[in-house]
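FYI, it's all coordinate maths here, none of it is from the lab. The structure presented is a predicted model; accordingly, all values stated were derived computationally and were not measured. Note that each Cβ is placed from the backbone with ideal geometry, even for glycine, and that neighbours are counted across all protein chains shown.
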Amino acid sequence: MENLVIIGSGPAAHTAAIYAGRAKLNPLLYEGLVAGGIAAGGQLTTTTEVENYPGFPEGILGPELMIRMRQQSINCGTRIKTLTVEKVDLNQSPFKVFTNQETVETRSLIIATGATAKRMQVPGEDRLWQKGISACAVCDGALPIFRNKVLAVVGGGDSAVEEATFLTKYASKVLVLVRRDVLRAEPIMQERLKANPKIEIFWNTILLEAHGQNSLEAIKVKDTKANIEQILEVYGLFYAIGHLPNTAFLAGQLELDEVDYIKTIPGTTRTSKSGVFACGDVQDRIFRQAVTAAGSGCMAALDAEKFLSGFSHL
């Protein structure tokens, strides 16, 4: 019988593990084996330089940051297994956690499985991912390779408008590729976007290809209304077409919002099931930053510790 199982491998999961380990909860963490299409370590393993995580004034590579977090979890007493959780049974306590190799029972559970950024899957994308192509302007937009360059954002919702506006701080120009002839963003945000002299909107436009040798140098797009293809000289491409929270394995056993993020009680990490907690991007559809994920991981561990204190035999 486990006291606490943590599912996940990013900043939220490891911060929860660090706090839980220091609290002598003897946590077991399942980091997954390419879970959600991402290697253990989460979204940061797909990034290069991280300049906005506190404590690293010179920046740090995303994979290196996750290696350090993982080792710190172990140093604090966490047991880590590289197995993917395929399903859980939350209908009775203790909860059951199933992988393809074992089943464990646990008094409490922290879910930190994150959300995976949607990609376009166009030719050249895989080769140039994090070599000019990204899914987080706030994370990567300030990097030197994008400064004073022409950048592009794909999307027409609030996130796309926010990211395009953010990028104007660094870019010489920002192209916004919108597949329809209207934006889905809030009206006031649309007005700001259209009024920004550094932004050019390409209506009825879809992305076809990404070009470049060692980094992104251009993109091929198509005007679907005029049926015209063209090459645009672009040195940064940012997807703002949404994320998929990794909640399918829950099979509807927790209350989710309309786009499948786990609902938590405001001010806590408690979910609709007592003893089950959620932290990081799997429950945060707004900020989706490493530092906010880490903060919520701390909250989840403290919430779990408080819950487990009710078990007098621990």
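Quick notes
- Protection proxy ranking, peptides 41-50, 176-185, average beta carbon neighbours within 10 Å, highest first: 41-50, 176-185
- Candidates Leu208, Ile219, Ala290 compared by Cα position along the dipole of the chain: farthest toward the positive end lies Ala290, with charges placed on Cβ.
- Normalised by the number of residues in the chain, the average gap of Cα pairs under 8 Å and 6 or more apart makes the relative contact order 21 percent.
- Relative to the longest principal axis of the Cα atoms of the chain, helix 158-167 runs at roughly 70 degrees.
- Taking every DSSP bridge with both residues inside segment 1-155, close to 45 percent are antiparallel.
- Of Lys81/Lys306; Lys87/Lys263; Lys198/Lys263, pairs whose Cα-Cα distance is over 28 Å: Lys198/Lys263
- Degrees, to the nearest 10: 62-75 long Cα axis against longest axis of the chain: 10 degrees
- Restricting the GluC sites (Glu not before Pro) of segment 50-125 to loop positions (DSSP other than H, G, I, E, B) with no more than 12 neighbouring Cβ atoms within 10 Å leaves Glu58, Glu102.
- Where both bridge residues fall in the chain, DSSP classifies roughly 45% of the beta bridges as antiparallel.
- Packing-based ranking, highest mean first, of 146-159, 189-202 given that Cβ atoms within 10 Å are counted: 146-159, 189-202
- Loop-located GluC sites (Glu not before Pro) across segment 205-284 with a Cβ neighbour count of 12 or fewer within 10 Å are Glu255, Glu258, with loop assigned by DSSP.
- Antiparallel DSSP beta bridges within segment 125-239, percent to nearest 5: 45 percent
- Against the chain, whose longest principal axis is taken from its Cα atoms, helix 290-308 shows a tilt of about 20°.
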